[in-house]
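Below is one structure, written out as structure tokens; comments come after it.
The values are calculated or read from the model by the stated rules, or taken from the named source; none is laboratory data. Note that the coordinates shown come from a computational prediction; the quantities given were computed from them, not determined experimentally. Note that each Cβ is placed from the backbone with ideal geometry, even for glycine, and that neighbours are counted across all protein chains shown. Areas reflect the complete protein model, heavy atoms only, side chains present, ligands, DNA and RNA absent. Shrake-Rupley method; radii C 1.70, N 1.55, O 1.52, S 1.80 Å.
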Amino acid sequence: MRLAVARPLTGRFYIVAALLVAGLQTLILGYIIQSRASILASGTEILLKTAPVDPRDFLRGDYVVLNYDISSIPVSTVTGGIPAEAGEQTLWVRLKRQPDGFWGIVESSFRELPAASDTVVLRSLPFYSYGPNDGETIRVEYGIERYYVPEGEGKPLEEARNEGVVSIAASVSSSGAAQIRSLVVNGKPAYEEPLY
């Protein structure tokens with residue numbers, strides 16, 4: 001009876017494995033970039049008022065934390081009721097252009113809202129809801145609450161924030177995902193994202 005002897009792994013095996021891992025990483029990175037670029041290129045553009053705070057991320061440089069008027073959802077705008085059970089939820093928020101050019105809340109729901117003319121539906125990130133006891137407003141985030149700027153340029157944006165002249169232009173996909181297209185100061189784009 002012959003015993004099978006395991007062959008030692010060769011350099012060829014390691015090269016093939018490294019190529020497979022590199023290829024997989026490239027595909028994942030390509031997907032992330034393409035999905036972001038797709039929203040920027042084909043999403044509906046909206047303008048949002050902000051109230052930023054300007055901290056510093058030591059790994060990535062200066063960034064502006066953005067707080068939006070539409071981040072506090074009045075419970076009175078919720079259609080279909082608030083889920084009775086506490087737990088993780090997603091909120092769909094219908095926005096419509098207001099006379100001042102900014103987009104504001106006209107309706108929200110814990111169920112996906114259908115498309116309607118002259119409106120955009122923005123999908124919140126998952127958040128913890130306490131059920132009907134959430135209070136008068138529900139606080140949500142949309143994934144567009146942080147914007148990186150070149151190092152050393154955060155201070156002028158902080159001053160602009162204090163003057164109330166910072167807003168953002170965002171693109172919203174048909175699925176409700178948003179990406180910041182540009183940071184606007186005094187009505188003019190100060191930083192714009194490339195469309196890749």
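Brief remarks on what is shown
- Apart from one condition, residue 109 fits all of (1) more than 29 Å from residue 194 (Cβ to Cβ); (2) of a type in the set (S, T, N, Q); (3) at pLDDT below 90; the exception is (3).
- Of the criteria (1) part of a strand (DSSP E or B); (2) exposed (fewer than 13 other Cβ atoms within 10 Å of the Cβ); (3) not polar (S, T, N, Q), which one residue 151 fails: (1)
- Counted residues, the range 59-117 - those being farther than 26 Å from residue 183 by Cβ and among the small types (Gly, Ala, Ser): 10
- Pairing residues of the range 38-57 that are closer than 20 Å to residue 96 by Cβ with residues that are surrounded by 13 or more Cβ atoms within 10 Å (Cβ to Cβ) and modelled with pLDDT under 75, at Cβ distances under 8 Å and at least 6 apart in sequence or on separate chains, gives 50/161.
- Among the residues listed as 180, 144, the single one being within 17 Å of the chain's Cα centre (by Cα), assigned to a loop (DSSP other than H, G, I, E, B) and aliphatic (A, V, I, L, M): 144
- For the range 96-148, filtering for residues that are out of contact with any strand residue (DSSP E or B) (no Cβ under 6 Å at 6 or more places or on another chain), of a type in the set (Asp, Glu) and within 19 Å of residue 80 (Cβ to Cβ) leaves 2.
- Just so you know, in the range 105-134 the residues that are in contact with a Ser or Thr (Cβ under 8 Å, 6 or more places away or on another chain) and in a strand (DSSP E or B) include one that is surrounded by the most Cβ atoms within 10 Å (Cβ to Cβ), and it is 108.
- Candidates in the range 32-51 are the residues that are polar (S, T, N, Q) and either in a strand (DSSP E or B) or under 23 Å from residue 72 (Cα atoms) (or both); of these, the one that is most open to solvent (accessible area, probe 1.4 Å) is 44.
- The one condition in (1) closer than 30 Å to residue 162 by Cβ; (2) open to solvent by 40 Å² or more (accessible area, probe 1.4 Å); (3) at pLDDT 90 or above that residue 70 fails to fulfil: (2)
- The lone exception for residue 137 - which of (1) free of Cβ contacts under 8 Å to residues at least 40 places away in the same chain; (2) surrounded by fewer than 15 Cβ atoms within 10 Å (Cβ to Cβ); (3) among the β-branched types (Val, Ile, Thr) it fails: (1)
- Selection of the range 91-104 for residues being open to solvent by less than 30 Å² (accessible area, probe 1.4 Å) and under 16 Å from residue 77 (Cα atoms) yields 91, 93, 94, 95, 103, 104.
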